[in-house]
Structures are given as structure tokens and as C-alpha cells.
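Okay, handing you the structure first.
The values are calculated or read from the model by the stated rules, or taken from the named source; none is laboratory data. Here the structure is a predicted model, which is why all the values come from computation and not from measurement. Heads up, the Cβs are rebuilt from the backbone with ideal geometry, glycines too, and the neighbour counts pull from every protein chain shown. Surface areas here come from the heavy atoms of the whole protein model, side chains and all, with no ligands, DNA or RNA. Shrake-Rupley method; radii C 1.70, N 1.55, O 1.52, S 1.80 Å.
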Amino acid sequence: MDPFESERAPLPRNMIENSMFEEEPDVVDLGKESPSYPIDSDDVVYEPRSSRLLVRGLGENDMDEEEEDYESSARLLGMSFMNRSSNQRSSAASYTRQQPSGTCSMPSAKKTVLGVLMLILVASIVMVIYFLPRCTFSKDGCHKVNNSMENIYPVASNGELFPWTMLKLPASVRPIHYNISLQPNLTTMTFQGSVSIRIMVLQETKRVVLHSSDMMIHDATFENKPVTILEYKPWQQIAIKFSDELQKGQYVLNIEYSANLSNSYDGFYNSSYIDTSGIKRVLAATQFEPLAARKAFPCFDEPAFKASFLIKIKREPEYISLSNMPKVSSTKLPNGLFEDEFEKTVNMSTYLVAFVVANFSSVSRNVSDTLVSVYAVPDKKDQVLYALDTVSKLLQFYNSFFEIPYPLRKLDLVGIPDFLAGAMENWGLITFRETTLLVGNHSSPMDKQLVTSVIAHELAHQWFGNLVTMRWWNDLWLNEGFATYMQYMSIKKVFPELDIDNEFLRVRFQALAEDALNSSHSVSAEVTTPEQVAEMFDSMSYEKGASVLLMLNANLKEEVFRKGVIDYLKKFSYSNTESVDLWCSFSLMEQHINVTEMMNTWTTQKGFPLVSVKRTGMQVSLTQEHFLLNANSTTDHSNLWHIPLTYVNDTCSKLDSCVQLLLFKTKTATLNLTDNVKWLKFNYKNNGFYIVDYGVDGWAALIEALNNDVNVLPQMDRASLINNVFALSRLGKVSFRQILNLLVYLKNETEAAPLTEALTQLNHILRLLDKRSDLNLMSRMTSYIFTIFGKLMDSQSWGEETSVSKQTLRSALLETACNLDRPNCIEQAKTLYDQWKASNKTKTIPGDLLRAVLSVAAQNKEFWPELFENYQRSIFDSEKRKTLEALASTQDVHTIMWILQATLSGSDVQTPELPLVIRTVCRQFAGYLHAWDFVKENWDKIVEKFPIGSFALQNIIMSTTSQFSSKMHLEEVENFFSSLKDRGFQMRTFQEATETIKLNMQWMDKNLATLRTWL
Ligand SMILES: [Zn+2]
């Protein structure tokens, strides 16, 4: 999936090492139905040790819990415990963890002996526990024994006990094949469904548990005999209980049901748009990742439960239907409807199933053995050719890069008018926002870069994610980090003109900034609740995941990296993996480095290292420590990373062949130079995920070198120095004066990467000052920005520009200039707007300047309505979105309030744009506090549309709070978050938000005086 909104937020997560019982939570009191997921440590009811093990034993051995009395069960304790481990090993092999992190090799004799010893030890502990009084480990000693089963199993909707106690489904049953038949009604916005699931019982059990949400079940049979379905709504689970144990083997479960087409953007949902003749058109589409397949059909909705699917859809004649596989037949039914049947799918996870019923048009082309088609609403059928060309080239590239041909006979790309994510990689049926798929006359090379990136990302998922899938959401990064990495890598090779390297550098800087917070989490992190699953779709899984892969690739030979990827994909095709499986494939190809050991330090601990360099003559001492912005006395300073430390020096600094490498894995190290070089630059092209402090002398030498010759380092290294000095200033390691010293060299800088990075950093400070209403410092900071960038701002052309990097730089410079009311910029923007209007909008404004030009116009009350009309009429989505940003940049408070409401209700602006509208409103002083009030007042409505934990909601929270820097605002934000309780309080974004405000306050305390002195 591509979350699309560029400012994703990372959230904290406790990393818990794999343990024997990792998949299972401790025993909790589920007797009282809780609307949220009661796995918080505070909610855990401490049970006697023996009781805990008993429940686990039951969970796996299917005792009849209603008949089992506690005393007799306790006597079975040891047996249950032992059975559990052996059963899992033998019959549910695909659901047990393969190897502990950090090991790849086959078990040696030594390990076998160790294993036997461990088993003896475990058995001894069990025996000791068995013979101890059963209350020995309870908090309250022997006087408290309350172990009725009603306290352990939740109560189903019909009042019976629900026979399962965990969020993850039992491993004793797995699906093999689904027959799904659906009949959506686009008038009543409901659908009827029937599903027939062939299941395999892997170990004897008295229950079958699966997922289902928001549906009315009318009828259910098991092996053609009627059965009662129990439902436990809070966990979206249904179950069937049997009086006798089901023996190992295959069975068929049939369920007939109906449901409403969803009004949010997940499950099987209804979407609509107004066509150019003003008629409202409706359609139905799906978005299942991560946990919404269960809203469309009852299923085993976990990524490891792969199965095949045969899908049939009944539709009215004016619509077409699409699904993952090619259509086999289309039959006219007596009631006038058509029934489309699709080929049986390959083995795949439920979250990748998809279907669309709509009135779309398409263009197609054969690429190798695959029929590639791009679908859009009929009004936009002329905008699909760019996507068709792009996906064709990328498909050929991936087919040959992975040495595994795309396995399906067709691949559809579909633009959905009302879509929340950027895109979704459903196997064979990739769905997109229209903005990330369609390219029209008004699209600029930057817009094409976006469309190409999203297509490249989703196409990479057809291998990373679809063919090989993470076992559980804790390793989501295996999907998302890899697809993100492949998107940049493939575009660099196939579309070099799109200048993607600078964009990748920008997102790495963003990931570093987010990972510097205590509220961050490790790339591979413990995930239990649905909210936590949703929160994994963040910068750590995507951008940090991609960054550590880049670092590994830069460290291995490119071909070694590719061979490792191919080995991994071939070995695990159609199955599931964990991080260690990937590292092991690289280890097989690379004998010199322990890849698993090295990469585990990057994916299993949060944060990244700060490398401090101190040079004395020919000797360079290096130290690494956790780069943590709010470190305090309780911070654990023992974290170490295995850093593939790269460096260049003044004698050779611009070519890849200049790079020297040191694997730095201890707290300190010494580097002995062979030449008396003038300076050293570490982290070549910022390919590594760390920040470097050169010390006073080291920085001075680099600054002098840049002042003498700006081209002494590649532009990515110059950008890296700028990024690092700002980060170090936030950490308190360098003064603001040091930043100003470095930025002096910018007078000779012409390249996009360093200039846009400096501009981004200064704009950030400017916004904080703006929100404090510190007008004096604001105006001094504005003058400072003009001193550095003014000449460049005034010399930018306003005509068509084909180079992406020039467009990136030009739009960044001119948007800042116009926003700060630089006269030259305002004048040029007005002229362009007038010419555009005078030509009746036939004369186009260059796409990269559209937002700057329209934002200037939108400040004029007279022009706002005509811009809004243009927004509503435009069929070019990139133009439409930039117009919306211009509209939301208004300083008029009434208009701001109106546009926020109109977007939330979806009346005049599509609701998926709410994160964008809020982010834009928050850039301006006038809208900032209003947006925060709006979010507080409309919280319940917002979380109806944007689920708790989703990236859209993360985005909304961070946009509205991240510019506060006062104690009063901190308290207000904290009070609001704590008032939410089960309406979202558990979100990790809240920790990030309050931490960010505290850091802003600290920064202001430390730097305001310096700014006053030096600006
Ligand atoms: Zn993705």
C-alpha cells in the first residue's frame, strides 16, 4: 500500500524479543465486553501461574472448557504444556517461528544438545510449578482463588461463551480454498454474499474460529449440516463449537450473509463521483489491507493464512466487474443481471483479494505474457496512457531483475475516484487514487515522478508482499520497506530523467527526523491490536525500511544484493517470512559480512547512531551513541549499531571509487589515516542511516573546503552536511551560529538537494516563530532567508521547465518567496494568473508553479470563488489538488472554517482530502488554532472516516499539534488526548505529538537568544 500523504508520523513501540509464547497474550479478563482491545498491561488480571498455563494448554488442545473443572485441569497442566509445543512443531509447522532472529544455519550437534537440555529444564520448571501450591505466584497469596472459566472466555453476542481468547486465530485450522459469490446493489448500497471455505484441520479441535465484521449472517452449514455461528464483535471473530473433536482432515464451511456497502474507505465500500454532465455516478470497490477483508466475506484474515479464491460477482448490465484474476465467463441471469466468474487465484493472503464494480473505460497492451490494462472513469479515459507506458516498462524491468516472471496472465491498474490510500497492490488488480495514476495535459514532470513512483511501488509489491508475504504485521517493513526501496531503485534505472535520487534522499532525511524521537519504534516491532497494526503503516516501515536496505546494498556488491533478493523470492514464493529469512538469503551470497547480525541492529532497535569524529593528526577516534533528541539520565546508552561507515577525503571525494569503508560495531574505534588529508566526509551520499558530528575543527575544515569550491563534494553530500548540522543543533551538540557558518557557502550553491534541504530546515524554524507570533524574529528570519536565497528566487524562470530537479528547486524557492510576500514573486504570480484567466484558462501555468500562483490568487477574496469553481470542474487531478491547496491557504477565518467542514462532510470537497486540507490550513497563522479546535470538536466524526491508527489520522494529529511550543498548548493537547480514552488514546502518535511540542519548547528556550544575537 502507498499511504500517499508525505508527512507520515512514526509512533513508539515496545520491542519484545521473541519468546515461546509470543503469539499469545497473557490471560486477561474478557468476561466484561470491552469495546477496545484489553491487552494493556494495566488491564491484565494476574492469575495464578498454574491457571495461566492451563488456559494456554486448553487453547491448543481443545478441551471442552465448559465441562472442564479447574481442579482436574490443573492436574493436566504439565501434559497440556508439553503437548502444545510438540503439536505445534509437527502439524502446524507453517505457523511456528522458524528460527530465532540472528541465526541462519542448520541446527548443529551442539544446538541439538542445547535444545535437549532446554527441554529438560522446561520440563523441570513445569514439574516444580505443578507441585507448588497453585497460588504461589499470585499477587495475593493463597487466599485468593478465582478461576471460573467465565472470567477467561469472552461472551458471544448470543450469551454463550465464545471459545477463543486471543486476537490471533488458532493455528489448529487453516483455510485452503474459498468460493465467494457477491451481489452488490448500487441503488440500496448493500450486498449479499455467500462463501464456501474448504478448511484443513491440522490438529484435533472442538472449534473453528475465523473473522467477520459488520455483516448479518443468515445461514451456516458445516459439512452440509446446519451450525450455530457464535460472534464476538469486539475482536471481529466468529466461531463454531463442536461437541466432538474434529479429526485432522478437510471440511467445508458455508455461510450466507448480507451487509451494507461500507461508508468509510475500507472493506467493500461505495464510492461516487460527479461526471462532466453533472450526473452522480456510483461504484463499489474494495480496500482490505490490513484488516478489512473480514468486512466483505467471513475469512481467516491474517497474512499467513494463504489460500486460493474463486470469485463470482453479479452485476447490473451497465457496469463491469473486475477482480484479481481474468474473467472466465459472463452469464446472463433470468433477473436481467449478469454473473461474472473469475479464474481461481494463486495461493494468496486475504488482504490482497479485490473486486470493483463500476462503469470504467480502459486501454490495454500485451507485455510479455501479461495483458496490462489501465481503467478510469469514462471522462478521464484520455489520461491513462502515461500509466500504461510506465507500467509496461517497469513490468519488463522487474520480470528480468527478479528472474521470476509476474505470475498472473493479467494486470489491471484502476483509478478510483474516492480512495483514501495512495494505492493498493491487490494482486492483479492494483487500485489507485486518481492523482497517483492519471496524467493529463496539466501534469508536470514532478507529477509524472509521483505517478511513476506509486506505480513502481505497487508493482514491486507483486513480488514483495504478494508472492512472498510477511508472516505477521510486525514485519510489515518486509513488504513496505522493500517496495519503497525497489520503487527508487527501479526508477533510477528505467527513468533516469525523473531524477529520483534527490527524492529518495529527502525521504531519508524525513525518516531520520522521525526516528530521532523517543516515541519512534523499531522497524520490526511487536504488534497485537488492530490499532497497532494500522500504526505500522508509517515512516519506519516504509522509509527507514528502504533506507536500511539502501545501506546494505551500498555495502554489498550490487549483484550480490540482487542474487540475495532472488534467492529469497524463489525460496519463499507463495509463502510467508520473517526478517531473518531475508537476511539469511543475503548471508548465503555474502560470506565476508555477517549480514544477519549487522542488519538486526538496524531493524530490532529503534533509533539510529550519532557518530562523533575527533581527529588528532593522522589518528581519527570514532564514537557511536544513540541519537535521541530528548535523552535524559534514565536513557539506556548501551545501544550499538553495526555501522558500515563510509568516508571520503579531499584527495578523492566525488566518485564511488573514492569511498573507503569501515565496519564500525563497537562503542569506540580508531581510524589511522595513511595520508595527511585536509578533511574527511563520512556517510558518502548519506547512503547510511546515521548522523555525523565532525567536532569544531572537522566542521571548520569542511566549511572552508566548500567555501573554496562548492563542487568539492557531490550535491548529496552537501545536502547531508546541511541536514546533519541542523539535527546536531536540535540535539544541542552544535550552536545555531555553527549552522549560519555552514550556510554561508550557499551563496555559490546551485543544486536542488542542498538548497531545498536548507530551505526546508529554515522554513520549519520560521513556522515555529510564526506560531509564537514573534514578529520581530520572524522578520529577521525572513530577511536572512532572502539574504541567502533572494538572488536565486528572483532569477527563476516562470516558463515551462522540463528538468525535474530544476522544477523541484524552482517550486520550493518560489513557494517560499511568495509565502513571505517577496514583491517580485507576488508580481510574477499575479501576472501569470491574469494571463491564465484572460485566455479563459487555455494558456497553461507550468504544473510546478501552479500551487504558488494559485495560492497568491486565493488570498484575494474576489478570486477565491472562481478558483473554487475551477476546483469543482477540473477533471485533471493534479491541477485539482493544487487548486485545493491554494484554496486552503486562505487567511480568511470564515473560509477556513467552511472548507474544513465541507471536506469532512464530503459535500463540496472529497473527504479523503481532509489530511491535505488540514496540513495546508496549519501552515498559516490564521488557520492553525482553528484547525486544532476543529479536530477536537469533530474527533468522533473524523475517526469514523479515518480509523484510529491510520496514517491519515496520524497525519491530522501531527499537522495540528507539531508547531506548538508553549506550556499552555502542551497541557491543552495532553488534556485532550487523555480525555479520549477508548476513542483513540492508545495511539502512539499522541506520544509523538507531545514529545514534539516539548522538544519545540526546549529548542526555543535554548535558541531564541542566539537567534536574536545572530540573525
Ligand atoms: Zn506499499
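Looking only at the stretch 459-477, which residues are under 13 Å from the mean Cα position of the chain (by Cα) and within 14 Å of the ligand (Cβ to nearest atom)? Outline the logic, then answer.
Taking the stretch 459-477 first, the residues under 13 Å from the mean Cα position of the chain (by Cα) are 473-477.
The answer is W473, D475, L476, W477.
Sticking with this structure for a sec: Taking the conditions exactly as written (away from the ligand (no atom under 16 Å from the Cβ) and open to solvent by 10 Å² or more (accessible area, probe 1.4 Å)), does L385 satisfy them or not? Break it down into steps so the answer makes sense when it comes.
Details: away from the ligand (no atom under 16 Å from the Cβ): yes; open to solvent by 10 Å² or more (accessible area, probe 1.4 Å): yes.
It is true that L385 is away from the ligand (no atom under 16 Å from the Cβ) and open to solvent by 10 Å² or more (accessible area, probe 1.4 Å).
Name the single residue that is most open to solvent (accessible area, probe 1.4 Å) among those in the stretch 648-669 being hydrophobic (A, V, I, L, M, F, W, C), more than 17 Å from P609 (Cβ to Cβ) and not in a loop (DSSP other than H, G, I, E, B).
C652
Condition test on I739, is it of a type in the set (A, V, I, L, M, F, W, C), free of Cβ contacts under 8 Å to residues at least 24 places away in the same chain, outside any loop (DSSP other than H, G, I, E, B) and at negative phi?
On the way: of a type in the set (A, V, I, L, M, F, W, C): yes; free of Cβ contacts under 8 Å to residues at least 24 places away in the same chain: yes; outside any loop (DSSP other than H, G, I, E, B): yes; at negative phi: yes.
Yes, satisfied.
Taking only the stretch 410-426 into account, find how many residues are in contact with a strand residue (DSSP E or B) (Cβ under 6 Å, 6 or more places away or on another chain), crowded, with 22+ Cβ neighbours inside 10 Å and among the acidic types (D, E).
Number of matching residues: 1.
While we're on this one: Among the residues of the stretch 524-565, which ones are aliphatic (A, V, I, L, M), more than 16 Å from the ligand (Cβ to nearest atom) and outside any helix (DSSP H, G or I)?
Restricting attention to the stretch 524-565, the residues satisfying the condition of being aliphatic (A, V, I, L, M) are 525, 527, 533-534, 536, 540, 546, 548-552, 554, 556, 560, 565.
Still in the running and more than 16 Å from the ligand (Cβ to nearest atom): 525, 527, 548, 550-552, 554, 556, 560, 565.
Matches in the stretch 524-565: A525, V527, L556.
Something else about it: For the stretch 462-480, enumerate the residues that are closer than 17 Å to F401 by Cβ and assigned to a loop (DSSP other than H, G, I, E, B).
Within the stretch 462-480, the first condition is being closer than 17 Å to F401 by Cβ, and the residues that meet it are 462-468.
Within the stretch 462-480, Q462, W463, G465, N466, L467 qualify.
For the stretch 433-443, check the following and say yes or no: at least one residue is more than 24 Å from T370 (Cα to Cα), in a helix (DSSP H, G or I) and out of contact with any Phe, Trp or Tyr (no Cβ under 9 Å at 6 or more places or on another chain). Spell out how you get there, then give the answer.
Residues of the stretch 433-443 more than 24 Å from T370 (Cα to Cα): 435, 440-443.
In the following step, the residues that additionally are in a helix (DSSP H, G or I) were identified as 435.
Remaining after also requiring out of contact with any Phe, Trp or Tyr (no Cβ under 9 Å at 6 or more places or on another chain): none.
No: the stretch 433-443 contains no residue that is more than 24 Å from T370 (Cα to Cα), in a helix (DSSP H, G or I) and out of contact with any Phe, Trp or Tyr (no Cβ under 9 Å at 6 or more places or on another chain).
While we're on this one: All but one of (1) surrounded by fewer than 24 Cβ atoms within 10 Å (Cβ to Cβ); (2) more than 16 Å from the ligand (Cβ to nearest atom) hold for H521; state the number of the condition that does not hold.
(1)
So S329 passes all but one of these: (1) surrounded by fewer than 19 Cβ atoms within 10 Å (Cβ to Cβ); (2) under 25 Å from I199 (Cα atoms). Which condition number does it fail?
For S329, the exception is condition (2).
Could you check the stretch 200-225 and list, in sequence order, the residues that are in contact with a strand residue (DSSP E or B) (Cβ under 8 Å, 6 or more places away or on another chain) and touching a residue at least 60 places away in the same chain (Cβ under 8 Å)? Talk me through it step by step, then tell me what you get.
Pass one, the stretch 200-225, residues in contact with a strand residue (DSSP E or B) (Cβ under 8 Å, 6 or more places away or on another chain): 200-202, 204-224.
L202, E204, T205, K206, R207, L210, H211, S212, S213, D214, M215, I217 - these are the residues of the stretch 200-225 that are in contact with a strand residue (DSSP E or B) (Cβ under 8 Å, 6 or more places away or on another chain) and touching a residue at least 60 places away in the same chain (Cβ under 8 Å).
Let me ask another. Is it true that some residue in the stretch 848-871 is among the acidic types (D, E), surrounded by 24 or more Cβ atoms within 10 Å (Cβ to Cβ) and more than 30 Å from D982 (Cβ to Cβ)? Working first, answer last.
If we filter the stretch 848-871 for residues that are among the acidic types (D, E), which is where we start, we get 848, 862, 866, 869.
Okay, now just the ones that are also surrounded by 24 or more Cβ atoms within 10 Å (Cβ to Cβ), so 848.
When the remaining residues are screened for being more than 30 Å from D982 (Cβ to Cβ), the result is 848.
Taking every residue of the stretch 848-871 in turn, at least one turns out to be among the acidic types (D, E), surrounded by 24 or more Cβ atoms within 10 Å (Cβ to Cβ) and more than 30 Å from D982 (Cβ to Cβ).
Related question: Kindly establish whether Y273 is at negative phi, open to solvent by 10 Å² or more (accessible area, probe 1.4 Å) and of a type outside the set (A, V, I, L, M, F, W, C).
Working: at negative phi: yes; open to solvent by 10 Å² or more (accessible area, probe 1.4 Å): yes; of a type outside the set (A, V, I, L, M, F, W, C): yes.
Against the criterion (at negative phi, open to solvent by 10 Å² or more (accessible area, probe 1.4 Å) and of a type outside the set (A, V, I, L, M, F, W, C)), Y273 qualifies.
Further question on the same structure: Taking L450 as the residue in question, decide whether it is within 15 Å of the ligand (Cβ to nearest atom), surrounded by fewer than 24 Cβ atoms within 10 Å (Cβ to Cβ) and not in a loop (DSSP other than H, G, I, E, B). Walk me through it before giving the result.
Working: within 15 Å of the ligand (Cβ to nearest atom): yes; surrounded by fewer than 24 Cβ atoms within 10 Å (Cβ to Cβ): yes; not in a loop (DSSP other than H, G, I, E, B): yes.
Yes.
Take the conditions open to solvent by 40 Å² or more (accessible area, probe 1.4 Å), of a type in the set (S, T, Y) and under 30 Å from W1003 (Cα atoms) and apply them to S773. Does it pass? Break it down stepwise before answering.
Values: open to solvent by 40 Å² or more (accessible area, probe 1.4 Å): yes; of a type in the set (S, T, Y): yes; under 30 Å from W1003 (Cα atoms): yes.
So S773 fits the description; yes.
Do we have any residue at all in the stretch 478-500 that's closer than 27 Å to A727 by Cα and away from the ligand (no atom under 15 Å from the Cβ)?
yes
In addition: Need the failing condition index for A516 against (1) more than 20 Å from P947 (Cα to Cα); (2) within 16 Å of the ligand (Cβ to nearest atom), just the number.
(2)
Next question, about the same structure. State yes or no: is T782 of a type outside the set (G, A, S) and either assigned to a loop (DSSP other than H, G, I, E, B) or open to solvent by less than 50 Å² (accessible area, probe 1.4 Å) (or both)? Give the steps one after another, and end with the answer.
On the way: of a type outside the set (G, A, S): yes; either assigned to a loop (DSSP other than H, G, I, E, B) or open to solvent by less than 50 Å² (accessible area, probe 1.4 Å) (or both): yes.
Yes, satisfied.
A further question on this structure: So, I320, is that one open to solvent by less than 10 Å² (accessible area, probe 1.4 Å) and either of a type in the set (S, T, N, Q) or touching a residue at least 24 places away in the same chain (Cβ under 8 Å) (or both) or not?
It is false that I320 is open to solvent by less than 10 Å² (accessible area, probe 1.4 Å) and either of a type in the set (S, T, N, Q) or touching a residue at least 24 places away in the same chain (Cβ under 8 Å) (or both).
Would you check which residues across the stretch 579-595 are buried (at least 20 other Cβ atoms within 10 Å of the Cβ) and of a type outside the set (F, W, Y) and list them? Talk me through it step by step, then tell me what you get.
Residues of the stretch 579-595 that are buried (at least 20 other Cβ atoms within 10 Å of the Cβ), as a first pass: 579-587, 595.
Matches in the stretch 579-595: S579, V580, D581, L582, C584, S585, S587, V595.
Would you pick out the residues in the stretch 393-404 that are part of a helix (DSSP H, G or I) and open to solvent by 10 Å² or more (accessible area, probe 1.4 Å)? Walk me through how you get there before you give the answer.
In the first step, residues of the stretch 393-404 are kept if they are part of a helix (DSSP H, G or I); the result is 393-402.
Of everything in the stretch 393-404, those that are part of a helix (DSSP H, G or I) and open to solvent by 10 Å² or more (accessible area, probe 1.4 Å) turn out to be K393, Q396, F397, N399, S400, F401.
Going by the structure shown, is R923 charged (D, E, K, R) and under 28 Å from L820 (Cα atoms)?
Values: charged (D, E, K, R): yes; under 28 Å from L820 (Cα atoms): yes.
In short, yes.
Next question, about the same structure. Within the stretch 264-283, how many residues are touching a strand residue (DSSP E or B) at 6+ places or on another chain (Cβ under 7 Å) and either assigned to a loop (DSSP other than H, G, I, E, B) or among the polar types (S, T, N, Q) (or both)?
Matching residues across the stretch 264-283 total 6.
Restricting to the stretch 670-687, name every residue that is within 15 Å of G698 (Cβ to Cβ) and open to solvent by less than 30 Å² (accessible area, probe 1.4 Å).
L671, L673, V677, W679, L680, K681, F682, N683
If a residue must be closer than 12 Å to L552 by Cβ, assigned to a helix (DSSP H, G or I) and aliphatic (A, V, I, L, M), how many such residues does the stretch 572-630 contain?
5
Out of contact with any His (no Cβ under 7 Å at 6 or more places or on another chain) and surrounded by fewer than 19 Cβ atoms within 10 Å (Cβ to Cβ) - does that describe any residue in the stretch 541-556?
Initial filter on the stretch 541-556 (out of contact with any His (no Cβ under 7 Å at 6 or more places or on another chain)): 541-556.
Checking the rest, the ones that are also surrounded by fewer than 19 Cβ atoms within 10 Å (Cβ to Cβ) come to 554.
Scanning the stretch 541-556, I find at least one residue that is out of contact with any His (no Cβ under 7 Å at 6 or more places or on another chain) and surrounded by fewer than 19 Cβ atoms within 10 Å (Cβ to Cβ), so the answer is yes.
Each row is one residue, and each column tells you yes or no for (1) outside any helix (DSSP H, G or I); (2) under 32 Å from the mean Cα position of the chain (by Cα).
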| site | (1), (2) |
| --- | --- |
| W836 | no, no |
| E862 | yes, no |
| Q872 | no, yes |
| S878 | no, yes |
| T890 | yes, yes |
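Just checking, which of A546, A554 is touching a helix residue (DSSP H, G or I) at 6+ places or on another chain (Cβ under 6 Å), in contact (Cβ under 8 Å) with a residue 12 or more places away in the chain and closer than 20 Å to Y684 by Cβ?
On the way: A554 fails: touching a helix residue (DSSP H, G or I) at 6+ places or on another chain (Cβ under 6 Å).
None of the other options fit; the residue is A546.
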